[in-house]
Structure formats: C-alpha cells, structure tokens
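Working notes, beginning with the structure itself.
Just so it is clear, none of the values below were taken in a lab; they were calculated from the coordinates. Note that the coordinates shown come from a computational prediction; the quantities given were computed from them, not determined experimentally. So basically every Cβ, Gly included, is an ideal-geometry build from the backbone, and we count neighbours across all protein chains shown.
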Amino acid sequence: MDTKEIQISRKKVYDADFIKVFEDQVMLPNKQESIRVVVDHVGAAAIIPLTANNEVILVKQFRYAIGEYSIEMPAGKKDCPLEKGLDCAIRELQEETGYTSDSIEKIGDIYSAIGFSNERIELFVGRNAYPINHPVNKDPEEWIECLMMPLAQAKAMIKAGEIKDAKTIIALHSI
C-alpha cells in the first residue's frame, strides 16, 4: 500500500532569510484531505572539534526559543542553499571557537524536526583542532562561551542532562 501524501496546494505564510513557512493542503492515502505546516529551511552544518589531547570544544549560549542556556557543538545555518556543508562547518568552527582543523570527516546527516521541517544538518568531526592565528569576526548577534573538556566528560554531561541538544548528543555518540 502506498502511504505517500500528495500535495494539492501550497500557501506561503511566512518568509525570512533562512526559513519559509508553508501551509500545504495534502491528500492522504485514504483519500481524505488534511493540512500540513512545513518549515522550509536552507540547511545547516555542525562540527565536533577534538584537540590533539582528545578534548572537545563545545559552546554555551542562551537559546531564546527554549528560554535557557544550551551546551552544544559549533553549528550554523548555511549562507545559501548551495553552500557545501563542510564549508559551513569550518566557518562556524572558526567564528564560534577561534579554532580550525585540517582533518575533518563527515559523520552523517540528520533532520532536526522531521514532523514539520526539512532542515537537514550535516554533522562533522574535526580532529586535531587548533587555534587559528587570526580569528575571524564573530557573529555580532551571538554571545557564546567556549568550553573545552575531555570527550569522556562531554559524554557524561549527556547522561547528567546537562547537554540536551539533539545534534550534539548524536554527534558525540558517533565518535
């Protein structure tokens, strides 16, 4: 049995620089009609930087949407849909931490909120991360604190409920 939903119509209800929100009318497999709200996202990338001493560099920042501080891996949205995930990850690593890596491998891709958004986050690990000589300008709208700790401590913070960010939990468990 084919359980695919078919789009009948689409109405844009919000448009911002990196997301658009649509209200889609769809035909369900049982021939009933329904509404789906879809957040169309440009995409993002995130990177777990590991130093030569196997220390991980995470960032702590206030996240307005949840009303609390979050400890997470450096990450950010793509500047445009065609930007490569690796380029985005390196840019975010440098902007948010002042570090870079010459040994980066892709962990995989995740969808952040598959029930209503197509945001795909490309996950990377950057081994032997080191400080850059001339740090790039930080985003003036971000207030970030860098945290460096042994990888084992970061994984323990997941179990303790101190790290709640899904992409970070997935990436830390993947390395």
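Say the dipole of the chain comes from +1 at the beta carbon of Lys and Arg and -1 at that of Asp and Glu; which of 37, 82, 126 then lies farthest toward its positive end?
About the Cα centre, the residue reaching furthest to the positive side is 37.
Which residues' amide hydrogens lie under 5 Å from the amide hydrogen of residue 50, considering only partners 5 or more residues apart or on another chain, with H built in the peptide plane?
Those lying under 5 Å, H to H, from residue 50 are 126, 127, 128, 129.
Taking a label point 7 Å from the Cα of residue 113 along the Cα→Cβ vector, which residues of region 1-37 have an amide N closer than 19 Å to it?
From region 1-37, the list is 11-25, 35-37.
What ranking do 76-82, 42-48 get when scored by the average of other Cβ atoms within 10 Å per residue, highest first?
Top of the packing list down: 42-48, 76-82.
Given the DSSP H assignment, sum -39500 (n - 2.57) over each helix run of at least 4 residues in the chain and divide by its residue total; what's the result at 222 nm in deg cm²/dmol, nearest 500?
-5500 deg cm²/dmol
Nothing charged except the Cβ atoms of Lys and Arg (+1) and of Asp and Glu (-1): what's the magnitude of the dipole of the chain about its Cα centre? Round to the nearest 20 debye.
Computed charge dipole of the chain: roughly 440 debye.
For the residue pair residue 153 and residue 18, what label-to-label distance in nm results when each label sits 7 Å from Cα along the Cα-to-beta-carbon direction?
2.8 nm
How would you classify region 45-175 from its alpha-carbon gyration tensor, with a ≥ b ≥ c the square roots of the eigenvalues: rounded for a/c under 1.5, else prolate if a/b is greater than b/c, otherwise oblate?
Rounded.
Label region 5-79 by shape, choosing from rounded, prolate and oblate, from the square roots a ≥ b ≥ c of the eigenvalues of the Cα gyration tensor; if a/c is under 1.5 it is rounded, and otherwise prolate applies when a/b is larger than b/c, oblate when it is not.
The shape class here is prolate.
Using a Förster distance of 35 angstrom, determine the FRET efficiency expected from the C-beta separation of residue 2 and residue 82, and round it to 0.05.
Calculated transfer efficiency: 0.60.
Please report the spacing between the Cα centers of region 1-71 and region 73-118 in Å, no decimals.
Between the Cα centre of region 1-71 and that of region 73-118, the gap is 15 Å.
Could the peptides 13-21, 114-122 be put in order, highest first, of the mean number of other beta-carbon atoms found within 10 Å of their residues?
114-122, 13-21
As an exercise, use a Förster radius of 22 Å and the Cβ-Cβ distance of residue 106 and residue 166 to find the FRET efficiency, rounded to the nearest 0.05.
Computed FRET efficiency for residue 106 and residue 166 comes out at 0.80.
Just add up the charged neighbours of residue 100: K/R +1, D/E -1, any other residue whose Cβ is under 13 Å from the Cβ of residue 100.
Summing Lys/Arg as +1 and Asp/Glu as -1 gives -3.
Looking at the square roots a ≥ b ≥ c of the eigenvalues of the Cα gyration tensor of region 46-95, which shape do they give, rounded for a/c under 1.5, prolate if a/b is larger than b/c, or oblate?
Note, shape of region 46-95 comes out oblate.
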